[in-house]
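I have placed the structure first, in the form of C-alpha coordinates, so that the comments after it can refer back to it.
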Amino acid sequence: LVLRTRDEACAEGCEYFSSIDGLLARVRGLKQEGYHDNDFIVIGGGAVYQQLLPYCDTILVTQFEEMYKADVWFPAIDQSPDWYLDSCGFWLEEEGVRFRYLTYRRNDIA
(Lines give C-alpha, C1' and ligand atoms only; values in the text may rest on other atoms or scores of the structure.)
Protein backbone atom coordinates (compact mmCIF):
# COMPACT_ATOMS: atom_id res chain seq x y z
CA LEU A 1 0.00 0.00 0.00
CA VAL A 2 1.52 3.31 -1.06
CA LEU A 3 0.41 6.79 -0.01
CA ARG A 4 1.49 9.39 -2.52
CA THR A 5 0.75 13.00 -3.31
CA ARG A 6 1.76 13.10 -6.96
CA ASP A 7 1.06 10.91 -9.94
CA GLU A 8 4.06 8.66 -10.49
CA ALA A 9 4.70 5.41 -12.28
CA CYS A 10 2.99 2.51 -10.54
CA ALA A 11 4.90 -0.57 -9.48
CA GLU A 12 3.21 -3.86 -10.27
CA GLY A 13 1.34 -5.31 -7.31
CA CYS A 14 1.12 -2.04 -5.39
CA GLU A 15 -2.06 -0.27 -4.40
CA TYR A 16 -1.83 3.52 -4.44
CA PHE A 17 -3.81 5.97 -2.30
CA SER A 18 -3.97 9.74 -2.46
CA SER A 19 -5.46 10.16 1.03
CA ILE A 20 -4.83 8.79 4.49
CA ASP A 21 -8.53 8.04 4.87
CA GLY A 22 -8.45 5.80 1.79
CA LEU A 23 -5.28 4.08 2.94
CA LEU A 24 -6.63 3.45 6.44
CA ALA A 25 -9.91 2.12 5.05
CA ARG A 26 -7.92 -0.41 2.99
CA VAL A 27 -5.85 -1.38 6.05
CA ARG A 28 -9.06 -1.99 8.02
CA GLY A 29 -10.36 -4.15 5.17
CA LEU A 30 -7.15 -6.17 5.04
CA LYS A 31 -7.27 -6.70 8.80
CA GLN A 32 -10.78 -8.14 8.39
CA GLU A 33 -9.26 -10.52 5.81
CA GLY A 34 -6.77 -11.80 8.40
CA TYR A 35 -3.84 -9.40 8.20
CA HIS A 36 -2.40 -8.09 11.47
CA ASP A 37 -1.06 -4.72 12.61
CA ASN A 38 2.55 -5.87 12.23
CA ASP A 39 1.92 -6.72 8.56
CA PHE A 40 2.00 -3.00 7.72
CA ILE A 41 5.12 -0.81 7.67
CA VAL A 42 5.29 2.96 7.17
CA ILE A 43 8.18 4.23 5.07
CA GLY A 44 8.17 7.96 4.57
CA GLY A 45 9.01 11.10 3.82
CA GLY A 46 8.56 13.41 6.76
CA ALA A 47 4.93 14.27 5.97
CA VAL A 48 3.98 10.59 5.77
CA TYR A 49 5.60 9.95 9.17
CA GLN A 50 3.81 12.90 10.75
CA GLN A 51 0.44 11.83 9.35
CA LEU A 52 0.63 8.10 10.12
CA LEU A 53 2.54 8.07 13.42
CA PRO A 54 -0.68 8.40 15.47
CA TYR A 55 -1.82 5.05 14.01
CA CYS A 56 1.41 3.20 14.87
CA ASP A 57 2.19 1.22 18.01
CA THR A 58 5.76 0.18 17.13
CA ILE A 59 8.59 2.12 15.52
CA LEU A 60 11.65 0.41 14.03
CA VAL A 61 14.53 2.89 13.75
CA THR A 62 17.91 2.57 12.07
CA GLN A 63 20.20 4.87 14.06
CA PHE A 64 23.44 5.98 12.43
CA GLU A 65 26.46 6.79 14.58
CA GLU A 66 27.45 9.70 12.36
CA MET A 67 25.19 12.62 11.52
CA TYR A 68 24.49 12.98 7.80
CA LYS A 69 23.11 15.94 5.92
CA ALA A 70 19.38 15.42 5.35
CA ASP A 71 16.33 17.43 4.41
CA VAL A 72 13.77 15.25 6.23
CA TRP A 73 13.80 14.35 9.90
CA PHE A 74 11.87 11.76 11.85
CA PRO A 75 10.10 13.12 14.96
CA ALA A 76 12.21 12.98 18.16
CA ILE A 77 10.38 10.02 19.68
CA ASP A 78 13.21 9.42 22.16
CA GLN A 79 12.08 12.63 23.89
CA SER A 80 8.35 11.88 23.72
CA PRO A 81 6.44 10.56 26.74
CA ASP A 82 4.24 8.62 24.30
CA TRP A 83 7.05 6.18 23.39
CA TYR A 84 9.60 4.03 25.21
CA LEU A 85 12.73 2.28 23.96
CA ASP A 86 11.96 -1.44 23.96
CA SER A 87 15.20 -2.75 22.46
CA CYS A 88 18.54 -1.42 21.32
CA GLY A 89 20.72 -3.56 19.08
CA PHE A 90 24.50 -3.77 18.93
CA TRP A 91 26.42 -1.40 16.71
CA LEU A 92 26.97 -2.89 13.25
CA GLU A 93 29.15 -1.71 10.40
CA GLU A 94 28.81 -2.01 6.64
CA GLU A 95 31.08 -0.27 4.16
CA GLY A 96 32.45 1.98 6.91
CA VAL A 97 29.00 3.10 8.13
CA ARG A 98 28.14 2.29 11.76
CA PHE A 99 24.48 1.82 12.70
CA ARG A 100 22.17 -0.04 15.03
CA TYR A 101 18.50 -0.94 15.18
CA LEU A 102 16.18 0.46 17.84
CA THR A 103 12.61 -0.56 18.61
CA TYR A 104 10.21 1.86 20.26
CA ARG A 105 6.76 0.97 21.55
CA ARG A 106 3.86 3.25 22.29
CA ASN A 107 3.10 3.74 25.99
CA ASP A 108 -0.41 2.76 26.97
CA ILE A 109 -1.89 6.09 27.97
CA ALA A 110 -5.10 5.81 29.95
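The values are calculated or read from the model by the stated rules, or taken from the named source; none is laboratory data. A quick note: this is a predicted structure, and the numbers were derived from the prediction, not measured. Here the Cβ positions follow ideal geometry from the backbone for every residue, glycine too, while neighbour counts run over all protein chains shown.
Things to note:
- Residue ID - farthest from Pro75 (Cα to Cα), chosen from residues in region 94-104 that are surrounded by 10 or more Cβ atoms within 10 Å (Cβ to Cβ) and out of contact with any Phe, Trp or Tyr (no Cβ under 6 Å at 6 or more places or on another chain): Val97
- Search result, residues across region 72-99 that are under 27 Å from Leu24 (Cβ atoms) and assigned to a loop (DSSP other than H, G, I, E, B): Val72, Trp73, Phe74, Pro75, Ala76, Ser80, Pro81, Asp82
- Within region 11-32, restricting attention to residues that are among the small types (Gly, Ala, Ser) and part of a helix (DSSP H, G or I), the residue that is nearest to Gly44 (Cα to Cα) is Gly22.
- Neighbours by Cβ (under 7 Å, 6+ apart or cross-chain): first from region 58-79, over 20 Å from Ile41 (Cβ atoms) and in the same structural domain as Phe90 (by TED's automatic domain parsing); second at pLDDT 90 or above and in a loop (DSSP other than H, G, I, E, B): Glu65/Trp91
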